[in-house]
2 protein chains.
Amino acid sequence: MIIALDAMGGDNAPDVNVIGARDALSLYPQISEIVLVGDKATLSESCARNSLTDPRARIVHASEVVEMHESGAKAIRRKKDSSISVATELVKQGAAQAVVSAGNTGAAVAAATIKLRLLKGVDRAGIASPIPNEYGTCNILDAGANPEAKAKHLATYAVMGSVYANKVLGVSRPVVGIMSNGEEEEKGTVLTKEALILLKHMVDSGHANFDFRGNVEGHDLFETRLDVCLCDGFTGNVVLKSCEATAKAMSKWLKKEFKRTPFRVLGALLSKGAFGNVKERTNYETYGGSPLLGVRGTVIISHGSSTSLAIRNALHMASKAVKNEVNPQIEAALHALTLPRVNPASEKSSKPESNS
Amino acid sequence: MIIALDAMGGDNAPDVNVIGARDALSLYPQISEIVLVGDKATLSESCARNSLTDPRARIVHASEVVEMHESGAKAIRRKKDSSISVATELVKQGAAQAVVSAGNTGAAVAAATIKLRLLKGVDRAGIASPIPNEYGTCNILDAGANPEAKAKHLATYAVMGSVYANKVLGVSRPVVGIMSNGEEEEKGTVLTKEALILLKHMVDSGHANFDFRGNVEGHDLFETRLDVCLCDGFTGNVVLKSCEATAKAMSKWLKKEFKRTPFRVLGALLSKGAFGNVKERTNYETYGGSPLLGVRGTVIISHGSSTSLAIRNALHMASKAVKNEVNPQIEAALHALTLPRVNPASEKSSKPESNS
């Protein structure tokens with residue numbers, strides 16, 4: 001199996017990508033080759049600097065880079081020779097089975113949807129972003145690829161997220177919920193209420209490859225067995241960033257407090273491992289990346305500030321998605337699925353409930 | 001000034017309400033009377049048990065209670081003699097200027113919007129819920145009263161939230177932002193893009209009683225000077241609960257780690273004050289409650305698990321909102337405001353951008 005790596009993507013490119021590739025090649029024999037895509041001279045130097053001499057690592061030149069602040073979609077149209085474009089093109093041409101990128105998320109999504117196109121039965125791709133959960137990880141789907149989703153997109157996400165949780169994360173029967181402003185069925189927006197109807201229909205007609213929990217709330221992300229949390233991409237992105245920001249703020253405030261008195265400094269020293277363990281648990285490095293589900297090819301999007309460990313884990317995740325045939329399984333599951341038409345008018349007429 | 005207290009509302013009713021009222025009466029001379037609304041016998045007993053003998057505390061009987069799990073709007077229609085209904089009725093009749101409730105949020109919102117009606121110039125009420133921020137608090141507005149908001153509602157929220165931040169929280173020139181899936185102007189949904197146009201128009205035409213920061217993201221809730229974060233009530237509610245859940249999960253995981261080894265137990269003992277200080281900072285008790293802005297009367301909604309300290313602070317907050325004339329100032333600010341018609345079609349035609 002060949003994986004294309006956007007070696008110029010991310011805040012710490014190219015070194016973390018090169019080291020991540022080196023470590024993945026030594027650890028995961030199912031990866032037969034990693035194609036490092038980016039400026040040839042820069043990558044050759046980085047390989048030399050980081051002792052990547054494995055012949056299974058090959059450089060493919062790309063003269064441009066999409067910067068983190070650029071509009072992803074526009075950049076893909078303009079920069080035809082960007083590393084993410086060239087890496088995705090390799091998957092399109094069958095020269096690689098997966099692409100991993102820690103670069104501009106919008107660009108990775110745009111490159112994938114434009115070049116690879118969608119799987120049969122899929123209307124919109126979605127990003128599944130993991131959040132640490134008492135029972136494993138809860139994957140927020142969609143975390144930003146499709147900001148204004150329709151109910152049928154959420155229904156497809158349920159199927160795709162469940163295949164992914166099953167085949168890559170090893171969850172035997174994934175649990176799916178819809179993020180809402182209350183657990184009661186009358187809570188939510190037109191979108192979540194329509195999605196609730198579709199998901200219940202899937203369960204009732206025997207077409208659900210998951211257990212359905214109905215509406216879920218913030219605390220379910222962490223405390224409940226919940227493998228896939230369905231949202232439109234706007235809500236998912238906002239929730240994900242808010243959770244990350246809360247964890248960061250809590251850590252910052254605690255660190256500040258721990259410096260206030262000599263006793264506390266000593267206490268912090270004695271307890272250092274505790275913070276480290278929680279940090280590891282909440283760290284994106286451990287998860288590697290977020291798959292973009294629904295495109296013809298395997299696409300793993302890693303955090304912009306990925307370390308070499310995160311890249312290594314993202315490459316591992318990509319290899320598992322390819323090896324365990326996530327995409328063929330998604331197409332098979334969607335083939336059997338027909339969704340009823342939900343009447344938005346009947347839903348819209350019921351005034352939304354405020355939260356309790 | 002007379003404040004009606006839904007003395008039967010909340011998980012720890014009635015005692016925390018009675019103690020909160022007792023302490024507020026002894027601390028805040030601007031409160032001339034607190035009306036405890038609820039079952040007379042129960043409240044009399046609680047007053048005796050908690051040494052509330054102040055003649056400025058008066059009981060008004062209400063035979064019913066809206067339970068936390070009930071649908072708020074339905075309960076208000078059905079339970080005419082519920083404590084929150086009777087308390088809100090007192091404000092309607094001018095027998096009190098404010099109502100404070102730690103009971104069912106949906107019921108408090110329904111009672112207020114049905115009985116008190118909206119301020120002149122206001123189409124929808126909104127809940128402003130505080131989040132601790134490096135610079136004070138960031139108020140999520142709306143946190144759940146109006147799940148499917150329109151852009152003009154967000155524009156009105158900006159004005160109302162700024163008056164509140166100025167008059168109650170003492171912020172001289174509030175900073176307002178729109179929660180979105182990226183800071184760039186092309187990010188967001190039809191709703192946030194339309195709101196962005198309206199808010200910029202308010203700034204350009206000199207009708208903004210705030211500084212406008214444009215789109216904001218999760219980290220801005222904690223790290224940036226941001227007094228009011230505008231969202232539809234669905235997004236606000238989901239973000240608020242997700243942030244609370246993240247903080248809770250982090251605390252839980254840290255506590256667990258601190259019990260793992262004797263060294264860590266000792267470290268935790270030495271550092272105990274540090275956790276306490278962060279807890280205090282992130283604790284809703286400190287803030288007291290969330291105002292429901294836009295209704296004719298002052299309504300403060302407190303957390304269901306409020307302690308007596310939270311109730312005391314909520315009563316204080318209510319008294320400040322009345323004393324500093326938040327509602328007349330909101331009406332004055334909205335009187336001068338005319339919003340342009342935004343063309344949703346022109347916005348909708350631009351395909352939403354995925355996140356970066």
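The residues on offer are A:Ile31, A:Ile19, and the sole one that is part of a loop (DSSP other than H, G, I, E, B), touching a residue at least 24 places away in the same chain (Cβ under 8 Å) and either within 26 Å of A:Gly106 (Cα to Cα) or not aromatic (Phe, Trp, Tyr) (or both) is A:Ile31. Is it the case that some residue within the range B:133-154 is on the phi > 0 side of the Ramachandran plot and in contact (Cβ under 8 Å) with a residue 40 or more places away in the chain? Yes: one or more hits. Restricting attention to the range A:224-252, the residues that are surrounded by fewer than 19 Cβ atoms within 10 Å (Cβ to Cβ) and over 30 Å from A:Phe210 (Cα atoms) add up to 3. Listed by first and then second residue, the pairs with beta-carbon distance under 6 Å, at least 6 apart or on different chains, first residue in the range B:204-233 and among the basic types (Lys, Arg), second open to solvent by 10 Å² or more (accessible area, probe 1.4 Å), are B:Arg213/B:Val175; B:Arg225/B:Tyr135; B:Arg225/B:Val175. Among the numbered conditions (1) surrounded by fewer than 24 Cβ atoms within 10 Å (Cβ to Cβ); (2) charged (D, E, K, R); (3) closer than 20 Å to B:Ser302 by Cβ, the only one that B:Arg124 does not meet is (3).
Within the range B:209-233, being modelled with pLDDT of 95 or more and either touching a Phe, Trp or Tyr at 6+ places or on another chain (Cβ under 6 Å) or more than 14 Å from chain A (Cβ to nearest Cβ) (or both) holds for B:Phe210, B:Asp211, B:Phe212, B:Arg213, B:Gly214, B:Arg225, B:Asp227, B:Val228, B:Leu230. Against the numbered list (1) open to solvent by 10 Å² or more (accessible area, probe 1.4 Å); (2) within 14 Å of chain B (Cβ to nearest Cβ), A:Ala107 comes up short only at (1). One residue alone among B:Ile330, B:Ile311, B:Ile300 is under 30 Å from B:His69 (Cβ atoms), open to solvent by less than 10 Å² (accessible area, probe 1.4 Å), at pLDDT 95 or above and part of a helix (DSSP H, G or I), and that residue is B:Ile311. For the residues B:Gly294, B:Gly304, B:Gly276, B:Gly236, the requirement of being free of Cβ contacts under 8 Å to residues at least 12 places away in the same chain, within 13 Å of chain A (Cβ to nearest Cβ) and not hydrophobic (A, V, I, L, M, F, W, C) singles out B:Gly276.
Candidates in the range A:152-185 are the residues that are in contact with a Ser or Thr (Cβ under 9 Å, 6 or more places away or on another chain) and open to solvent by 10 Å² or more (accessible area, probe 1.4 Å); of these, the one that is farthest from A:Ala112 (Cα to Cα) is A:Glu184. Please tell me if B:Tyr157 is touching a Pro at 6+ places or on another chain (Cβ under 8 Å) and outside any strand (DSSP E or B). No; evaluated as a whole, the condition is false for this residue.
Please find, among A:Glu244, A:Glu280, the residue that is at pLDDT 90 or above and closer than 26 Å to B:Ala268 by Cβ.
A:Glu244
Would you be able to tell me the number of residues in the range A:251-295 that are under 21 Å from A:Val228 (Cα atoms) and not hydrophobic (A, V, I, L, M, F, W, C)? The total comes to 12. Only one entry of B:Gly9, B:Gly38, B:Gly20 meets the criterion of being within 22 Å of A:Glu184 (Cβ to Cβ), surrounded by 21 or more Cβ atoms within 10 Å (Cβ to Cβ) and of a type outside the set (A, V, I, L, M, F, W, C), and that entry is B:Gly9. Note on the range A:185-288: enclosed helices (runs of 4 or more DSSP H) holding 2 or more residues that are of a type in the set (Lys, Arg) and within 21 Å of the chain's Cα centre (by Cα) are A:233-258, A:272-282.
The values are calculated or read from the model by the stated rules, or taken from the named source; none is laboratory data. Every value quoted in this text rests on a predicted model; they were computed, and no experiment measured them. Cβ coordinates were reconstructed from backbone atoms using ideal geometry, including for glycine residues, and neighbour counts include every protein chain displayed. With ligands, DNA and RNA removed, areas are computed over all heavy atoms of the protein, side chains included. Shrake-Rupley method; radii C 1.70, N 1.55, O 1.52, S 1.80 Å.
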